[in-house]
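Everything below concerns the one structure shown next.
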Amino acid sequence: MTDPYAWLEHSLATIHRADWYRSVQTIHGRPGATVVLAGQEVINFASNDYLGLTGDERLMAAATAAIAEFGTGSTGSRLLSGHRELHRELEAAIASTKQTEDALVFSSGYLANLGTITALVGKRDLVLSDQYNHSSLKNGAILSGAVFIEYPHCDIAVLKTQLSQQRQNYRRCLILTDSVFSMDGDLCPLPALLDLANEFNCMLLVDEAHATGVLGKTGAGCVEHFGYTGKQLIQVGTLSKALGSLGGYVAGSRTLIDFLQNRAPTWIYTTGLSPADTAAALAAIKIVQQEPQRRAQLWQNVHYLKNLLQELPNLKLLSSESPILCFQLSSATDALKAGKQLRDAGIFAPAIRPPTVPTSRIRISLMATHEAAHIEKLVTVLKNVIAAG
């Protein structure tokens, strides 16, 4: 008798041979600038906790208080089981931060993208997506059934050509882009994208996952950074990175949010965000607003590291305008080797390999809570890694 699952072992063997195999690593204790990883204390350059809020006592107190008042779960979808006033408080805080008419909170950023895209476009529509966009944007486009075309990374000329040739053939068109590209650290060309969206009558969705709390005068994100607050576009993001909690959001017009509450399947048919996560995210937004020095310290750390890395001319550093810095390596094997050398020296900065990215690299993400000594040690270890080849 044949085994219908036998192919799984063959597929895993192929993943191993390509050096694409991944496994989880156990972290002990609270997250922070240093963590204990499989029994070893390491400096943590693998976290998206950009402002260091995940271990903040105020977020933990807010989460604990919410559990005491509302329990541990939301018990069902918000349409079916009702939602808590806490959900609307968080949505109002997000809308205020983004200066949009309204916002809607999902149970994860991935679900926010899947639900929003599949609600906005379908088989008679066109989606144009940056080649380096996050998986949730790409999969949302595919699930929608719309014609899905990728344009080369940040290539406005090609995107304009695609729109000129294709736009008139479809009912609606949606342009998708990350604002900060999570595996490169660069920013989308938002002004040019919005100009094209206006010229060709397209919707524009910007995923602010790695920009929320980090970019802009008040930490509102890339849209604020470019001075485009109040412009007609769709902003999606996550509560699980700089805001130290869990969940996702969509911010935009009141009409958009009302429509999504009636048409976004990943909101309608998913249990609402837990009270603890909701309260923690709400506390984080207040801290972002009240303590701009956290964001200032994060950017001071970014600039300090960039200046030190100038001493390493052989490091193939990608262009970055964010707290994410990456340097490329020639193969997945070399990336794994470099990652292990860093780890052995007390630095946690993992190798990123295909199929996640087209070229293997080490990804370094900075936090406001990193100290100068942490950054200096990273550079010293990188010098040794380069010297060792």
Problem - All positions within the range 316-331 that are within 16 Å of Ser365 (Cβ to Cβ), of a type in the set (A, V, I, L, M) and either in contact with a helix residue (DSSP H, G or I) (Cβ under 8 Å, 6 or more places away or on another chain) or open to solvent by 40 Å² or more (accessible area, probe 1.4 Å) (or both) - result: Leu317, Leu325
Practice task
Six or more apart or on different chains, Cβ under 6 Å: which pairs go from a residue in the range 171-183 that's in contact (Cβ under 8 Å) with a residue 60 or more places away in the chain and closer than 26 Å to Ile362 by Cα to one that's among the small types (Gly, Ala, Ser) and open to solvent by less than 10 Å² (accessible area, probe 1.4 Å)? Could you list them?
Solution key: Val180/Ala211; Val180/Ser322
Problem - Yes/no for Val250 being crowded, with 22+ Cβ neighbours inside 10 Å and over 20 Å from Pro31 (Cα atoms) - result: yes
Handout entry: Members of the range 96-129 found to be under 13 Å from Leu239 (Cβ atoms) and open to solvent by 40 Å² or more (accessible area, probe 1.4 Å), listed by number
Key = Tyr110, Leu111
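Conditions (1) over 25 Å from Thr34 (Cβ atoms); (2) open to solvent by 40 Å² or more (accessible area, probe 1.4 Å); (3) of a type in the set (S, T, N, Q), marked per residue:
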{"residue": "Val288", "(1), (2), (3)": "no, no, no"}
{"residue": "Asn314", "(1), (2), (3)": "yes, yes, yes"}
{"residue": "Leu342", "(1), (2), (3)": "no, no, no"}
{"residue": "Ala349", "(1), (2), (3)": "no, no, no"}
{"residue": "Arg363", "(1), (2), (3)": "no, no, no"}
{"residue": "Glu376", "(1), (2), (3)": "no, yes, no"}
{"residue": "Asn384", "(1), (2), (3)": "no, yes, yes"}
Practice task
Kindly indicate whether Ser365 is of a type in the set (Ser, Thr, Tyr) and modelled with pLDDT of 95 or more.
Solution key: yes
Completion exercise
Selection from the range 4-38 of residues charged (D, E, K, R) and open to solvent by 90 Å² or more (accessible area, probe 1.4 Å) yields Glu9, Arg17, Arg22, Arg30
Exercise for the section: Considering only the range 173-206, state which residues are in a strand (DSSP E or B) and open to solvent by 10 Å² or more (accessible area, probe 1.4 Å). Expected result: Leu187, Met203
Problem - Filter result (of a type outside the set (S, T, N, Q), farther than 20 Å from Asp56 by Cα, open to solvent by 20 Å² or more (accessible area, probe 1.4 Å) and part of a helix (DSSP H, G or I)) within the range 261-280 - result: Arg263, Pro265, Ile268
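Okay, residues lined up against (1) in contact with a Pro (Cβ under 9 Å, 6 or more places away or on another chain); (2) assigned to a helix (DSSP H, G or I):
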residue	(1), (2)
Pro4	no, no
Glu9	no, yes
Tyr21	no, no
Arg30	no, no
Val42	no, no
Glu69	yes, yes
Gly73	yes, no
His83	no, no
Exercise for the section: Filter the range 107-125 down to residues that are within 30 Å of Leu318 (Cβ to Cβ) and not β-branched (Val, Ile, Thr), then give me how many there are. Expected result: 7
Completion exercise
Across (1) of a type outside the set (Asp, Glu); (2) at negative phi; (3) open to solvent by 50 Å² or more (accessible area, probe 1.4 Å); (4) under 22 Å from the mean Cα position of the chain (by Cα), Thr212 clears everything bar (3)
Completion exercise
Over the range 65-124, the set of residues among the acidic types (Asp, Glu) and either under 24 Å from Ser135 (Cα atoms) or out of contact with any helix residue (DSSP H, G or I) (no Cβ under 7 Å at 6 or more places or on another chain) (or both) is Glu69, Glu85, Glu91
Fill in the blank from the handout: Going through the range 225-247 in order, the residues found to be surrounded by fewer than 24 Cβ atoms within 10 Å (Cβ to Cβ), of a type outside the set (Gly, Ala, Ser) and in contact (Cβ under 8 Å) with a residue 60 or more places away in the chain are Thr229, Ile234, Leu246
Exercise for the section: Filter the range 130-172 down to the residues that are among the basic types (Lys, Arg) and in contact with a strand residue (DSSP E or B) (Cβ under 8 Å, 6 or more places away or on another chain), then identify the one that is surrounded by the most Cβ atoms within 10 Å (Cβ to Cβ). Expected result: Lys138
Exercise for the section: Quick one: which residue in Ala46, Ala93, Ala66 is open to solvent by less than 10 Å² (accessible area, probe 1.4 Å), among the small types (Gly, Ala, Ser) and at negative phi? Expected result: Ala66
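The values are calculated or read from the model by the stated rules, or taken from the named source; none is laboratory data. What you are looking at is a predicted structure, and each value in this text was computed from that prediction instead of being measured. Ideal geometry is used to build each Cβ from the backbone, glycine not excepted, and the neighbour counts take in all protein chains shown. To get the accessible areas, we keep the full protein, side chains included, count just its heavy atoms, and leave off ligands, DNA and RNA. Shrake-Rupley method; radii C 1.70, N 1.55, O 1.52, S 1.80 Å.
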